[in-house]
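Visitor: Here it is, the structure, as structure tokens.
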Amino acid sequence: MCVHIDFRYTPGNAGNMLRVDDCVVLRRVSMGGGEENPEPPTEVGNRRTSNVLKNELLLHEAVIKNDPDAVKRVIKEPLDVNSRNNYGRAPIHWASSRGNTEIMEMLINAKCDIEAKDKYGMRPILMAAWHGHTDAVQMLINYGASVNTINKKQYTLLMCAARNNRLSVVNFLLDTIEDVGLDAFDTDHQTALHHAAIAGHTHVVRRLVHAGANTSTTNKFQFAMRLQREQMTNTETYHILEN
């Protein structure tokens, strides 16, 4: 992984941007929304900030690389465990999306925010469901993460799993969560069943239908599930809904 670190001070920047592969940019923004350093910068202050930023960059890099040993080393250094990249993602987002429960445990023990939202409204538990990591979903629930969270498109946990063919997560959610939002709508008035059916995820569709999902709901385009055959990539999915 190519890493470029820029610690130069310029007005409005204060050397506060780091890059990893030209995509991960860390910004020193306090969780409260205020200025991190309200007083004029000093040489000592800049040096301290640079060290903290370097540690945060190394933490993001270690989590992205799925390197628990590196995480264990750097997390002991001065840093903000909730530091964000340009997508608003903290290390716990990366760990959850990779399903690395060992790293997740370290971040949680370091008091990370398990309800942190990125710029798309995605929380760690939504990331874990999206990428099909049942153990990570279960861990976050055990630590108190909300099971009723949604992103900016109002995708639920079940939708995140269903649209990406994550049958294991779908089964876990249906079997363990009392109100999983089986027929909840997103901003396009689509349910988890819509997402799975249109993508042709036959096994997920069968499981949702078996769980009692409504097959007659319409999305914002006024297409009912039974009328969306032309949108479905799998004819077997259509026949499941027909029957």
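The values are calculated or read from the model by the stated rules, or taken from the named source; none is laboratory data. Please read all numbers here as calculations on a predicted model, not as lab measurements. Note that each Cβ is placed from the backbone with ideal geometry, even for glycine, and that neighbours are counted across all protein chains shown.
Visitor: Hey, among Arg19, Arg73, Arg8, which residue is charged (D, E, K, R) and at pLDDT 50 or above?
Guide: Values: Arg19 fails: at pLDDT 50 or above; Arg8 fails: at pLDDT 50 or above.
Answer to the check: Arg73.
Visitor: Cβ-Cβ below 9 Å, separation at least six or inter-chain, first residue in the stretch 50-70 and touching a residue at least 40 places away in the same chain (Cβ under 8 Å) and surrounded by fewer than 21 Cβ atoms within 10 Å (Cβ to Cβ), second in a loop (DSSP other than H, G, I, E, B) and not polar (S, T, N, Q): which pairs?
Guide: Ser50/Phe7; Ser50/Gly15; Lys54/Phe7; Lys54/Glu77; Lys54/Leu79; Ile64/Met1; Ile64/Asp21; Lys65/Met1
Visitor: Would it be correct to say that Asp175 is at pLDDT below 95 and either surrounded by fewer than 19 Cβ atoms within 10 Å (Cβ to Cβ) or not charged (D, E, K, R) (or both)?
Guide: Working: at pLDDT below 95: no; either surrounded by fewer than 19 Cβ atoms within 10 Å (Cβ to Cβ) or not charged (D, E, K, R) (or both): yes.
Answer is no for this residue.
Visitor: Using beta carbons and a limit of 8 Å, which pairs, at least six apart or on different chains, have the first residue in the stretch 73-89 and over 10 Å from Glu56 (Cβ atoms) and touching a residue at least 40 places away in the same chain (Cβ under 8 Å) and the second one of a type in the set (A, V, I, L, M, F, W, C) and part of a loop (DSSP other than H, G, I, E, B)?
Guide: Close Cβ pairs satisfying both conditions: Asn86/Cys23.
Visitor: Of (1) in contact with a Gly (Cβ under 9 Å, 6 or more places away or on another chain); (2) closer than 14 Å to Arg207 by Cβ; (3) among the charged types (D, E, K, R), Lys153 satisfies all except one. Which?
Guide: Exception for Lys153: condition (2).
Visitor: Of the residues Arg123, Arg163, which is more than 14 Å from the chain's Cα centre (by Cα) and at pLDDT 95 or above? So that I can check it myself, show each step before the final result.
Guide: Working: Arg123 fails: more than 14 Å from the chain's Cα centre (by Cα).
Testing whether each residue is more than 14 Å from the chain's Cα centre (by Cα) and at pLDDT 95 or above leaves just Arg163.
Visitor: Inspect the stretch 175-194 for any residue being in contact with a Leu (Cβ under 7 Å, 6 or more places away or on another chain), touching a residue at least 40 places away in the same chain (Cβ under 8 Å) and within 28 Å of Tyr87 (Cα to Cα) and give the result as yes or no.
Guide: no
Visitor: Going through the stretch 204-224 one residue at a time, which ones are in a loop (DSSP other than H, G, I, E, B), at pLDDT 80 or above and more than 22 Å from Trp130 (Cβ to Cβ)? Reasoning before the result, please.
Guide: First, the residues of the stretch 204-224 that are in a loop (DSSP other than H, G, I, E, B): 211-217, 219-223.
Okay, now just the ones that are also at pLDDT 80 or above, so 211-216.
Across the stretch 204-224, the qualifying residues are Gly212, Asn214, Thr215, Ser216.
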